[in-house]
Amino acid sequence: MDHEMHDLFPLGIYRGPVSCHEKLKDQYFNSELSKKYKDLERRIPVYLIQTNPRWAILYESLRENFNAYCDFMGINHERVMFHVTRSWYDHREPDSDENAELNDIRYDLNNNNKSEEEIKEGLGWGNIRELPVIPHHHQPADLSFVYYLSSNETSDKLYIENGYANQNNPDALLETSFSHNKISGYIKEWNKYNTQYHTFDPIEGTVIIFPSHLYHYARRFTMREGYRVAVSGDVVITSSETKYEYGTDMYNPQVLTHPRFWKQL
């Protein structure tokens, strides 16, 4: 027989169009609507914009995307419900010449053991509007998402790691095989078997859905030449069963029961 490589237990990450995109983008950049919701938005916590009626059409549309995710995974989406536990948006403005040298200071933050305070002091906090987002995950959520309301080819890209520091990738037979370069000589060319990193371009009007345990962050590769507005959130999956049916087994130990059956202590 021929030599074979079996792709078992693949990692699935979904991307698809958000049906309400054009309407939502017009609404977001509408100055009159911004004034209308200004007082309300001041009272809503940054990480709870799913409770803001201004964003309601987004979460209604996202159900279509999560259903599609289930279809790809072979899951009956009629038997589950998706609950957004927290959600927020990230608004990044175009860069100016003043912060051109600040394209990527993630190296200092992650590899030189510098604190955020040290970086602020060393770079002059008055000239820097943001620090890089370090790799992080969103457990204990089940799924996380990022929707690109406004973006272009210069916007920060989504960087996803399958494991962190070579701890979780089952194919990491060599510590050096998952490094960021080929200097060691062990790697002839990158492929899906020898890398644990993947970069997604921020395509406007699309949403990316991925397991919340994956380490990820937004990474800058160039100067931003336009607005980057991304809406992110965390989702918990439960059963869709909201009533008891005598004689049937509604309980599955691998799926949370619907919140109507939960009891606060």
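For this structure, a couple of remarks:
- Residue in region 49-56 that is modelled with pLDDT of 95 or more, β-branched (Val, Ile, Thr) and touching a helix residue (DSSP H, G or I) at 6+ places or on another chain (Cβ under 9 Å) present: no
- In region 132-170, of all residues being among the charged types (D, E, K, R) and part of a loop (DSSP other than H, G, I, E, B), the one that is modelled with the highest pLDDT corresponds to Asp142.
- Among the residues listed as Tyr14, Tyr107, the single one being modelled with pLDDT of 85 or more and among the hydroxyl-bearing types (Ser, Thr, Tyr): Tyr14
- Filtered by the rule that a residue be closer than 19 Å to Lys23 by Cα and either within 16 Å of the chain's Cα centre (by Cα) or surrounded by 12 or more Cβ atoms within 10 Å (Cβ to Cβ) (or both), region 52-87 gives Asn52, Arg54, Trp55, Ala56, Ile57, Leu58, Tyr59, Ser61, Leu62, Arg63, Glu64, Asn65.
- Subset tally (residues that are loosely packed, with under 14 Cβ neighbours inside 10 Å and among the hydroxyl-bearing types (Ser, Thr, Tyr)) for region 1-46: 2
- Residue that is nearest to the chain's Cα centre (by Cα) [pool: residues in region 6-27 that are of a type in the set (A, V, I, L, M, F, W, C), under 24 Å from Leu149 (Cβ atoms) and assigned to a loop (DSSP other than H, G, I, E, B)]: Ile13
The values are calculated or read from the model by the stated rules, or taken from the named source; none is laboratory data. Small disclaimer: the values here were computed from a predicted structure and weren't measured. Counting neighbours? That spans all protein chains shown, and the Cβs are built from the backbone with ideal geometry, glycine included.
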